[in-house]
Structure formats: structure tokens, C-alpha cells
Amino acid sequence: MNIAVLKETLPGERRVALVPETGKKLIQLGYAVSLEAGAGEAAGFTDEAYTAVGVTIARDPAAMAGAADLVFKVNAPTFGGDRDEVAWMRPGSIYLGSLMPLRNLEAARALAARKVSAFATDAIPRTTRAQSMDTLSSMNNIIGYKGVLLAAAELPRYFPMLMTAAGMVPPARVFVIGAAVAGLQAIATARRLGSNVFATDVRPEVKEQIESVGAKYVGIELSQDASAGGGYAKELSAEDQARQRELLAKQCAEVDVVITTALIGGIFAPRLIGAGIVKAMRPGSVIADLAADGGGNCELSRPGETVRMHGVTILAPLNLPATMPTHASLLFARNLYNFMQAFTAEKAFKLDLADDIQDGTLITHEGEVRHVRTREALAKAGA
């Protein structure tokens with residue numbers, strides 16, 4: 001079977017879905033692997049590094065994708081316009097990569113219309129068996145890490161406590177909102193930088209995880225369960241939202257840095273920090289809104305920009321994994337390889353809808369959108 005790996009073309013995107021390490025391993029599994037010329041250069045992987053392990057470099061991406069049984073990408077394939085990656089794929093072929101179908105409804109619809117079987121690795125079930133295939137978790141680790149570094153660079157004070165000849169400097173106080181993968185990594189990184197860290201999550205079962213990476217847990221007692229399963233949270237009741245706002249207002253007023261990572265269902269960002277909370281924060285404080293890709297947790301965030309309001313610096317970076325393309329590509333590519341290895345038999349990929357991982361990840365198949373939440377969202381949007 002033939003695998004084609006396309007170059008990423010979104011502005012600012014520097015990742016690639018295949019690295020030489022995984023190219024070599026896929027060839028050893030029995031696949032013929034082709035890569036669009038220059039696809040790995042922005043991540044630090046030259047065409048020569050790929051050819052050295054047996055990957056073919058293709059100058060005509062449309063022809064390459066059209067001859068492929070499987071197409072790999074980091075971001076959802078483009079459709080329409082001068083670069084119609086969906087149209088390049090032949091009916092019956094397989095797409096493997098991130099898709100974020102609830103954010104990219106039209107891409108899901110285009111893939112279904114083209115009769116491409118599309119696996120979204122951001123929809124991998126949160127199970128022990130599937131963990132090594134989960135691109136969303138791999139990328140969220142980077143988001144949590146890099147987000148804290150950006151906040152530290154903007155903060156007009158030290159993160160750690162310092163003893164100097166001029167006297168002692170106290171450590172910064174950091175408040176992390178949301179304790180899924182990005183939040184836990186943010187806590188760990190802020191602790192490694194020497195700050196005092198406090199964290200909250202609407203899922204009380206993560207208290208132990210928060211404390212295990214060095215933060216003090218702060219939370220409210222909810223009137224109803226906020227866990228949506230799979231490590232995700234669901235929207236709170238009006239009563240619980242009001243109590244949560246009180247907690248957030250108190251904590252934000254007492255710290256130097258606020259890191260927000262909260263997403264509902266891992267997709268869309270609830271608005272948690274209003275303008276009033278920002279106005280009450282200490283002058284010189286920093287908010288790093290790491291949920292900006294999902295719309296942002298702060299009312300004053302401007303996704304993709306850094307703004308200063310009421311004496312507070314508000315960061316809302318987009319696509320942070322692309323700012324660390326070498327390791328982001330390595331981890332993403334390993335996730336895809338692990339998926340392929342799990343479902344390869346006799347040198348071919350085996351489609352198995354009875355398997356819980358494939359069943360939960362397959363968004364489109366045989367001309368239909370089979371992913372329930374995506375199908376419902378398309379119906380609601382009138383698509």
C-alpha cells in the first residue's frame with residue numbers, strides 16, 4: 001500500500017506528519033512512502049534525510065496523493081481553491097491526521113462527498129491502549145509547556161524565589177485553570193521554573209493529579225458532575241458557573257500569572273474570565289489564554305494577539321505546537337506510526353469498525369459522516 005504525506009500550507013504552520021524515523025519504520029512494515037518535496041524543511045528535516053531511509057520525494061503532490069491508499073497530514077486537508085487536497089485523494093482512500101471535525105465541518109463534509117475514509121487522530125479514545133496514538137494529547141503537552149514560557153517572558157518579575165545581595169525576591173504566584181493534559185504540563189513547567197502554583201478544574205477527580213505535579217488544588221463543590229468522560233469536562237449549570245466565577249475572581253486577584261486551558265469536550269473554550277476579573281488583577285500581571293484556538297477563556301483575549309488592558313498583559317497564542325516544530329512533528333509522526341502499526345497485517349492497513357479505536361476515530365466513510373457529534377453539528381448548521 002502507498003502512503004502519501006502532504007506539506008502543511010496553513011500560515012505559520014511548520015510541522016510535518018512524517019519524520020525520517022517513522023518513514024523508515026513504515027517502510028519496514030511494508031508500505032511505500034512518499035513525501036511532498038520540502039514538507040519537512042520547516043521542522044528541520046531535509047528531503048535528503050527522508051531519501052536516506054527510503055522515502056520517495058514527490059514534486060507533484062496532486063499525482064502523489066491521487067496514487068496513494070493513505071494520505072497523512074497534520075491539519076485538515078484543504079478543499080476548493082488552487083490547492084484542493086480533498087479532490088486529489090481518490091475515492092476509497094484513507095486520510096489519517098488531525099481533523100478537528102467540529103471546528104472544520106466543511107472539511108468533514110468534503111471528505112464524505114469524496115468518499116474518503118477519514119480518521120481524526122484528535123478523536124482518539126482516551127484509553128490505555130490508544131494513548132500512544134493520541135495526537136491531541138501530544139500537542140497539548142507542548143501547548144502547556146510553551147504557554148508558561150511565553151507568560152514568564154512577559155512577566156515583569158522573576159518566577160523563582162531568589163536570594164540576592166540586595167535581599168530576597170519572592171516567587172511568582174501562578175494560577176492554572178483546567179487540569180487536562182495542557183494544564184498539567186503548565187503546572188509542571190511553572191513549578192520547574194520555581195513559582196508557587198495553584199490550580200483548579202471542574203472535575204474534582206483530578207485533584208490528586210494536580211497535587212502530584214506540585215500545585216495546590218483550589219475548587220468548588222459542584223451541584224452536579226462536570227465530567228464528560230474521556231478526560232473532558234462538560235458545561236456547568238448556571239448555579240455552578242456563578243460559584244466558579246467567584247472562585248476565579250478571588251484567585252486571579254491574588255496571583256501574578258493566570259494560565260487558562262479549559263475546553264468543553266476538548267473543542268470549544270468557555271468564557272471564564274470576564275473584563276471585571278481582569279480589571280481587579282494586579283498591575284503587571286499576565287494572562288496566557290491557551291484555549292485561544294477554541295475561542296479563548298478570557299473575554300478580552302484576541303486570538304493570535306497580545307494585548308494590554310487594565311495593566312494586565314493578555315496573551316492568546318494560536319497553534320503553539322507549530323512554534324516547536326521539530327519535537328511536535330516527531331511526536332505527531334510517532335502517534336500516526338503507532339496507529340498504523342496497530343492495524344497493519346500482511347503489509348496492509350486493515351479497516352476494522354468493530355475495533356473501538358477505529359470506530360471512535362473514523363469521521364467519514366463510504367460517502368457518509370458517521371461521527372455522531374459531527375453529523376449533528378452539520379445538521380444544525382444546515383449543511
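The values are calculated or read from the model by the stated rules, or taken from the named source; none is laboratory data. Nothing here was measured: the structure is a model prediction, and the numbers come from that model. Every residue, glycine among them, receives a Cβ derived from its backbone with ideal geometry; neighbour counts consider all protein chains shown.
The figures follow:
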item: Flag if Lys380 is under 29 Å from Leu272 (Cβ atoms) and either at pLDDT 95 or above or not small (Gly, Ala, Ser) (or both); result: yes
item: Hits in segment 254-293 - residues which are touching a Pro at 6+ places or on another chain (Cβ under 9 Å) and closer than 17 Å to Met139 by Cβ; result: Ala262, Leu263, Ala288, Asp289, Leu290, Ala291, Ala292, Asp293
item: Filter result for the condition that a residue is under 13 Å from Ala120 (Cβ atoms), surrounded by 19 or more Cβ atoms within 10 Å (Cβ to Cβ) and in contact with a Phe, Trp or Tyr (Cβ under 7 Å, 6 or more places away or on another chain), over Thr374, Thr361; result: Thr361
item: Qualifying residue in segment 325-348 (condition: assigned by TED's automatic domain parsing to the domain that holds Val255, free of Cβ contacts under 8 Å to residues at least 60 places away in the same chain and surrounded by fewer than 17 Cβ atoms within 10 Å (Cβ to Cβ)); result: no
item: Scope segment 131-163; condition surrounded by fewer than 20 Cβ atoms within 10 Å (Cβ to Cβ) and of a type in the set (Gly, Ala, Ser); matching residues; result: Ser132, Ala153
item: Members of segment 13-39 found to be closer than 14 Å to Thr326 by Cα and small (Gly, Ala, Ser), listed by number; result: Ala17, Ala39
item: Hey, Ala63 surrounded by 15 or more Cβ atoms within 10 Å (Cβ to Cβ), among the small types (Gly, Ala, Ser) and out of contact with any strand residue (DSSP E or B) (no Cβ under 6 Å at 6 or more places or on another chain) or not; result: no
item: Some residue of segment 368-378 being closer than 25 Å to Gln28 by Cα and of a type in the set (A, V, I, L, M); result: no
item: So Val258, is it buried (at least 23 other Cβ atoms within 10 Å of the Cβ) and either modelled with pLDDT of 90 or more or touching a Cys at 6+ places or on another chain (Cβ under 8 Å) (or both); result: yes
item: Among the residues listed as Glu48, Glu21, the single one being surrounded by fewer than 24 Cβ atoms within 10 Å (Cβ to Cβ), more than 16 Å from Leu330 (Cα to Cα) and modelled with pLDDT of 95 or more; result: Glu48
item: Selected residue (only one of Thr260, Thr313 is within 21 Å of Gln185 (Cβ to Cβ), assigned by TED's automatic domain parsing to the domain that holds Ala182 and touching a residue at least 40 places away in the same chain (Cβ under 8 Å)); result: Thr260
item: Those residues of segment 25-53 which are of a type outside the set (A, V, I, L, M) and within 15 Å of Phe72 (Cβ to Cβ), in sequence order; result: Lys25, Tyr31, Ser34, Glu36, Gly40, Phe45, Tyr50
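Each row is one residue, and each column tells you yes or no for (1) hydrophobic (A, V, I, L, M, F, W, C); (2) closer than 19 Å to Ala333 by Cα; (3) over 17 Å from the mean Cα position of the chain (by Cα).
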residue	(1), (2), (3)
Gly44	no, yes, yes
Ala67	yes, no, yes
Leu70	yes, yes, yes
Ala76	yes, yes, no
Ala87	yes, no, yes
Ser98	no, yes, no
Pro101	no, no, no
Ala108	yes, no, yes
